1. Kindly list the number of the only condition in (1) buried (at least 17 other Cβ atoms within 10 Å of the Cβ); (2) in a loop (DSSP other than H, G, I, E, B) that fails for residue 37.
2. Residues in region 138-146: is at least one surrounded by 17 or more Cβ atoms within 10 Å (Cβ to Cβ), in contact with a helix residue (DSSP H, G or I) (Cβ under 8 Å, 6 or more places away or on another chain) and closer than 28 Å to residue 46 by Cα?
3. Only residues that are in a helix (DSSP H, G or I), more than 18 Å from residue 7 (Cβ to Cβ) and in contact with a helix residue (DSSP H, G or I) (Cβ under 8 Å, 6 or more places away or on another chain): list them for region 98-116, please.
4. Just a yes or no: is a residue in region 121-137 part of a helix (DSSP H, G or I), within 18 Å of residue 10 (Cβ to Cβ) and over 17 Å from the mean Cα position of the chain (by Cα)?
5. Please state which of the following conditions residue 81 fails to meet, knowing it meets all the rest: (1) assigned to a helix (DSSP H, G or I); (2) more than 22 Å from residue 7 (Cα to Cα).
C-alpha cells in the first residue's frame, strides 16, 4: 500500500521500478497477485469521497477546493481531490495517520516541495502525529535523503507546529 501511496506524490514513472520489485518479492514469497483490491470508491463516488478526505484532514476550508483556483489550473485541484484523495487516501490498508506520515517522507525526500511539506506537516499534526514523532521519522530518513532535505523538513515541521 505504501508503493501505491507513492504514485500520487512521486509519479508513476518513478514508482514503477519499485512496484515491479515489490511484485517480484511477492511472487518469490508465494503471495498471489493481483493482491486483493483495497479501493473503497467507485468512479461515481471518488470525487465526493476525496473532498471529504481533504476536509477531514485539512479542515473545512477544503470544501469546494476541486472547483477553485484559476481556470487554467483548476483541473489539478480536481485531480488532487478525485485521484490523490479520492482514489488513494480512501483505500484500506493504511490509516490516515500512516498515510500522512508516509506522505511527509515522500515530500521531504523530493526536496523543492516545501509548501506542500508544511501543509502535510500541519495535516500530520491534525490527525494525531505529534511534532516529536514527525522529527523522529524525518531523522530516520536522513541517511537516505541527506542533511539538507532533513533540515528543510524539520524547518517545515516547526513552521507547521507554530501556526
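1. Tallying (1) buried (at least 17 other Cβ atoms within 10 Å of the Cβ); (2) in a loop (DSSP other than H, G, I, E, B), residue 37 fails exactly one: (1).
2. No - not one qualifying residue is present in region 138-146.
3. Within region 98-116, just 114 meets the criteria.
4. Scanning region 121-137, I find no residue that is part of a helix (DSSP H, G or I), within 18 Å of residue 10 (Cβ to Cβ) and over 17 Å from the mean Cα position of the chain (by Cα), so the answer is no.
5. (2)
Every number in this text was worked out from the coordinates using simple rules, so none of it is lab data. Nothing here was measured: the structure is a model prediction, and the numbers come from that model. Neighbour counts run over all protein chains shown; Cβ positions are idealised from the backbone, glycine included.
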